[in-house]
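The values are calculated or read from the model by the stated rules, or taken from the named source; none is laboratory data. The structure presented is a predicted model; accordingly, all values stated were derived computationally and were not measured. Cβ placement follows ideal geometry from the backbone for every residue including glycine, while neighbour counts extend to all protein chains displayed. Just the protein is used for accessible areas: all its heavy atoms, side chains included, with ligands, DNA and RNA removed. Shrake-Rupley method; radii C 1.70, N 1.55, O 1.52, S 1.80 Å.
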Amino acid sequence: MGKAACLLLLFWLVTALNPAWGREINAGDWVYLQDQNYDIDKVRGISSGWQRSHWAGPNLGFTFNPYWFRLTLPANSLASGSWYLWVHNAILTDLRFYLERDGRLMPVDSSLDTRLPAFRFQVNPDSEYRLYLWVNSATALQLPTELVTEQTLLSQRETQDAILGVFLGVLLAMMLYNLVLYIIVRDRNFILYVLHAGALMLFVCSWQGVGAQYLWPGWPGFQDRSVGMSTFAVIAFSMWFCGGFLNIKKDNFKPI
């Protein structure tokens with residue numbers, strides 16, 4: 001269990017401390033508004049009621065309400081060419097992206113087929129842009145985002161996918177190794193470790209969007225529940241394994 005925890009910590013540190021290079025989004029850049037059955041045309045006409053985010057990545061916690069988010073990019077704040085709004089959260093239930101250029105609503109490309117949502121838009125010089133996101137989430141509504149060029153997105157995506165692949169590969173190898181030990185030794189602790197590592201793998205796949213992209217595509221309802229289910233499974237199997245490995249029984253505790 002200690003090795004798996006160290007691997008998870010290493011993976012988190014590498015991905016968290018390896019941000020993409022692009023246009024930085026600061027606290028207060030995003031403004032947000034609770035949705036009241038607004039469509040995009042209605043939202044574009046609303047000038048009051050918007051709240052500024054206190055974080056570069058807005059965090060509204062657990063909420064049953066969808067929200068509109070708006071990011072204004074002044075003219076010449078981005079270099080000309082293809083840019084992406086990269087959302088570093090794979091467990092948001094539903095996102096819809098809209099683009100306004102110089103006050104006109106523009107057609108947008110569909111999200112890039114990645115683990116993490118990425119919305120492409122073309123930047124022309126001397127134009128002001130407003131990016132709108134409609135976000136609904138069955139989990140905590142957190143919106144960490146970056147504005148990156150296509151080259152940066154592709155290179156960073158390859159690096160992060162390679163790190164994730166190594167992590168999952170090592171975790172799978174540990175599961176198979178302990179499964180073989182269980183078959184040979186018939187010690188229940190080995191199969192408990194396999195279940196713990198499997199739950200940890202399910203958690204990482206849900207958290208990083210691997211499950212939604214490859215394992216259960218088209219099942220958004222399961223994706224919404226997978227993080228909570230896997231978190232509970234990790235805690236349950238790790239406690240069960242620790243209790244068996246340390247031979248903890250109720251007789252070990254003296255009555256108060």
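Of all the residues in the stretch 116-151, those that are free of Cβ contacts under 8 Å to residues at least 40 places away in the same chain and either touching a Pro at 6+ places or on another chain (Cβ under 9 Å) or of a type in the set (Lys, Arg) (or both) number 1. The condition of being in contact (Cβ under 8 Å) with a residue 12 or more places away in the chain, out of contact with any helix residue (DSSP H, G or I) (no Cβ under 9 Å at 6 or more places or on another chain) and assigned to a loop (DSSP other than H, G, I, E, B) holds for only one of 79, 90, that being 79. Among the residues of the stretch 108-149, write down those that are over 18 Å from residue 75 (Cβ atoms), modelled with pLDDT under 90 and open to solvent by 40 Å² or more (accessible area, probe 1.4 Å). Of everything in the stretch 108-149, those that are over 18 Å from residue 75 (Cβ atoms), modelled with pLDDT under 90 and open to solvent by 40 Å² or more (accessible area, probe 1.4 Å) turn out to be 108, 109, 110, 111, 112, 113, 138.
Within the stretch 48-62, being assigned to a loop (DSSP other than H, G, I, E, B) and either among the aliphatic types (A, V, I, L, M) or surrounded by fewer than 13 Cβ atoms within 10 Å (Cβ to Cβ) (or both) holds for 48, 49, 54, 56.
With the requirement that a residue be part of a helix (DSSP H, G or I) and modelled with pLDDT under 80, what does the stretch 199-221 give you?
From the stretch 199-221, those part of a helix (DSSP H, G or I) are 199-207, 210-215, 220-221; that's our starting set.
Residues satisfying the conditions are 220, 221.
Of all residues in the stretch 179-203, none that is crowded, with 18+ Cβ neighbours inside 10 Å has its Cβ atom under 6 Å from the Cβ atom of a residue that is outside any helix (DSSP H, G or I), 6 or more apart or on another chain.
With the condition kept exactly as written, say whether any residue in the stretch 156-173 is acidic (Asp, Glu), open to solvent by less than 60 Å² (accessible area, probe 1.4 Å) and within 23 Å of residue 87 (Cα to Cα). Please lay out each step first, then the result.
Looking only at the stretch 156-173, we keep the residues that are acidic (Asp, Glu), and these are 158, 161.
Then keep just the ones that are open to solvent by less than 60 Å² (accessible area, probe 1.4 Å); that gives none.
Within the stretch 156-173, not a single residue is acidic (Asp, Glu), open to solvent by less than 60 Å² (accessible area, probe 1.4 Å) and within 23 Å of residue 87 (Cα to Cα).
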